[in-house]
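The values are calculated or read from the model by the stated rules, or taken from the named source; none is laboratory data. From a predicted model like this one, the values you see are computed outputs, not experimental measurements. Using ideal geometry, Cβ is built from the backbone for each residue, glycine included, and neighbour counts are taken over all protein chains shown.
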Amino acid sequence: MDSNTNWTPFPDENLLGITDKDLLNEYEAKGVGLAELEIYQLDIDDKIDSELILKLHKIAFGELYDWAGKWRKIDVAVGKLQPPSFKKFPNIMYQFFDNLDGLIASAANKKDIIDCLIFAHYEFVKIHPFNNGNGRMARLILNIVSMKFGFRPIELYHRAGDSRKIYISALQNADEGNFHELYELIEENLVAF
């Protein structure tokens, strides 16, 4: 994974004509905050599906971008990974949510829960279904799943200190098939309500 997981690295064309990167990031952060508030309104039995995630993405980025709330319509490269072609949408997303639903339903212990959380976060990032905001949406999904299991939202990293580097390292190791760091990172941040 690339390291630009918590901000837009340059001003994209946006509906408000903002060219200042810092101001654009403030608007994006505000939108993501609104999406976070929306997940607190969800019922524990609400299904995590395409409709919900498209809605959350629209809430997070709709003030700025016309592509908000829509699956990407271009092929992209993400670091060393090649996400699936946009031509596989929306089917690949239905499969993702179906697999996630199965993992949630079958989780029987803490290890199963952490494995489910890893799937929710990492597989979503790997699919990279949006033009931008994929990491932020993956963390929102992670938090929805965490709350379904009776845990607090998980903060995978903080802007200050080395925690972001640890998070990026965990994702890069997962890219190589080693999920140990990501497992530990989620486990140490998994706190019951």
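Before moving on, here are some points about what is shown:
- Inter-residue pairs, beta-carbon under 9 Å, first touching a residue at least 40 places away in the same chain (Cβ under 8 Å) and in region 106-117, second polar (S, T, N, Q), 6+ apart: 113/146; 117/146
Condition check ((1) surrounded by fewer than 16 Cβ atoms within 10 Å (Cβ to Cβ); (2) touching a Gly at 6+ places or on another chain (Cβ under 9 Å); (3) more than 20 Å from residue 41 (Cβ to Cβ)) across all residues:
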| residue | (1), (2), (3) |
| --- | --- |
| 110 | yes, no, yes |
| 119 | no, no, yes |
| 126 | no, no, yes |
| 145 | no, no, no |
| 151 | no, no, no |
| 157 | no, no, yes |
| 161 | yes, no, yes |
| 167 | no, no, yes |
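- Residues of region 46-69 classified as within 16 Å of residue 97 (Cα to Cα) and at pLDDT 95 or above, total: 10
- Given (1) surrounded by fewer than 15 Cβ atoms within 10 Å (Cβ to Cβ); (2) assigned to a helix (DSSP H, G or I); (3) at pLDDT below 95; (4) of a type outside the set (A, V, I, L, M), index of the condition residue 135 fails: (1)
- Condition met for residue 103 (under 27 Å from residue 192 (Cα atoms) and of a type in the set (A, V, I, L, M)): yes
- Test for residue 171: is it in contact (Cβ under 8 Å) with a residue 40 or more places away in the chain, outside any loop (DSSP other than H, G, I, E, B) and within 23 Å of residue 64 (Cβ to Cβ): no
- Any hit, region 61-83, residues being closer than 18 Å to residue 142 by Cα, outside any loop (DSSP other than H, G, I, E, B) and in contact (Cβ under 8 Å) with a residue 40 or more places away in the chain: no
- Subset of region 148-193 (residues that are at negative phi and small (Gly, Ala, Ser)): 160, 163, 169, 170, 174, 192
- Candidates are the residues of region 146-162 that are farther than 17 Å from residue 120 by Cβ and charged (D, E, K, R); the one that is modelled with the highest pLDDT is 162.
- Those residues of region 169-180 which are farther than 18 Å from residue 124 by Cβ and either within 18 Å of the chain's Cα centre (by Cα) or buried (at least 16 other Cβ atoms within 10 Å of the Cβ) (or both), in sequence order: 169
- Count of region 88-118 residues which are in a loop (DSSP other than H, G, I, E, B), out of contact with any Ser or Thr (no Cβ under 8 Å at 6 or more places or on another chain) and not hydrophobic (A, V, I, L, M, F, W, C): 1
- Residue satisfying condition, being farther than 30 Å from residue 169 by Cβ and either crowded, with 16+ Cβ neighbours inside 10 Å or modelled with pLDDT under 95 (or both), within set 43, 98, 75: 43
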